[in-house]
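Notes to accompany the following structure.
The values are calculated or read from the model by the stated rules, or taken from the named source; none is laboratory data. These numbers were taken from a predicted model, which means no experiment stands behind them. Here the Cβ is made from the backbone with ideal geometry for all residues, glycine too, and neighbour counts use every protein chain on show. Areas reflect the complete protein model, heavy atoms only, side chains present, ligands, DNA and RNA absent. Shrake-Rupley method; radii C 1.70, N 1.55, O 1.52, S 1.80 Å.
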Amino acid sequence: NKVIMQHNSNWHQFIPLCPEHPRSKKIYSSYFRTGTAFALANNANPFIYEIFNESSYLCSCKFNRKAFTTELKNKYKTITTVNKKFKAKFKTFNEISAISRYEMIPAIWVEWCKFNARRYAQILRNYSKVIRDVDRRKNVYITEQLHLPAIFTPSGAGMDYRLIADELDVLSIEGGWGYGQLRRVTNNQMEAAMLASSYSFVADFFVALSKGKKTVVNNEHYCTRSRFRKRLPSKNTDIITSMWGEVFHGLSGSFP
């Protein structure tokens, strides 16, 4: 069914179905429920459940647009109040839900992104409950893995990592350290380190989000070495340095 397949180019393919479509909600719930039951039935011992991998969310399907319009109606009561708030000229609330690209109206776009952020936090909350209803052990932790470009590009416009962090037990990232000359030649070692990767910023960002209360892990750690834009084999010292880098930046675990 093409309707439930993701159709927003800003999403990552690891969220394959529209999270707001009624059918896909049933599919996702069944996936998490049966997957958890299968793992436990086969003597697995999962300690962290990852709901989505490399997540980015900005759902513009008709279901989400309708929910957004309903929220505006409940909040502002009349279309006149909405027009005054957003300096718009809508005739009805249905006209708002018919818009496919809210970014064309800056004031609405900001409200739309905040709405999506709350929706995604609710999605994480719902599927966490599905997993916990099956796996009722005490030491069960829930996470979802950051998609790095979602921080820096419009693909993450519907992601508020403060809300996401509140819904998770463990904060999970991916990435790693770059060695050599990844982008351009430089004789300055500090500059070369800076050019190599934004990973250190992402690690610090999530440690700050944890507020010292939640574990931060790297679920897909890697390091690369390049010279003149050609990939070279990593050195043993690269791996050791990367592990120390994880410690210095406050990560609790790193899985290659």
Cβ pairs under 8 Å, 6+ apart, first in the range 239-253 and without any contact (Cβ under 8 Å) to a residue 40 or more places away in the chain, second hydroxyl-bearing (Ser, Thr, Tyr) and open to solvent by less than 70 Å² (accessible area, probe 1.4 Å): MET243/SER254; SER252/THR215; GLY253/THR215
Screening GLU54, GLU71, GLU50 for residues that are closer than 22 Å to ASP169 by Cβ, open to solvent by 30 Å² or more (accessible area, probe 1.4 Å) and touching a residue at least 12 places away in the same chain (Cβ under 8 Å) leaves only GLU50
So ASN236, is it modelled with pLDDT of 80 or more and over 28 Å from the mean Cα position of the chain (by Cα): yes
Identify all residues within the range 19-42 that are at pLDDT below 95 and over 18 Å from SER128 (Cβ atoms); write none if there are none. HIS21, PRO22, ARG23
Based on this model, can you work out whether LYS211 counts as of a type in the set (Lys, Arg) and either at pLDDT 90 or above or surrounded by 16 or more Cβ atoms within 10 Å (Cβ to Cβ) (or both)? yes
Filtering the range 215-233 down to residues that are open to solvent by less than 60 Å² (accessible area, probe 1.4 Å) and within 22 Å of GLN145 (Cβ to Cβ), which residue is farthest from the chain's Cα centre (by Cα)? THR224
From LYS138, LYS91, LYS85, grab the single residue that is assigned to a helix (DSSP H, G or I) and charged (D, E, K, R). LYS85
Per the list (1) without any contact (Cβ under 8 Å) to a residue 60 or more places away in the chain; (2) surrounded by fewer than 20 Cβ atoms within 10 Å (Cβ to Cβ), residue check on ASP133 breaks on (1)
Counted residues, the range 210-232 - those being in contact with a strand residue (DSSP E or B) (Cβ under 8 Å, 6 or more places away or on another chain) and assigned to a strand (DSSP E or B): 15
Test result for GLU103, open to solvent by 30 Å² or more (accessible area, probe 1.4 Å) and acidic (Asp, Glu): yes
Restrict the check to the range 115-130 and report whether at least one residue is small (Gly, Ala, Ser) and open to solvent by 50 Å² or more (accessible area, probe 1.4 Å). no
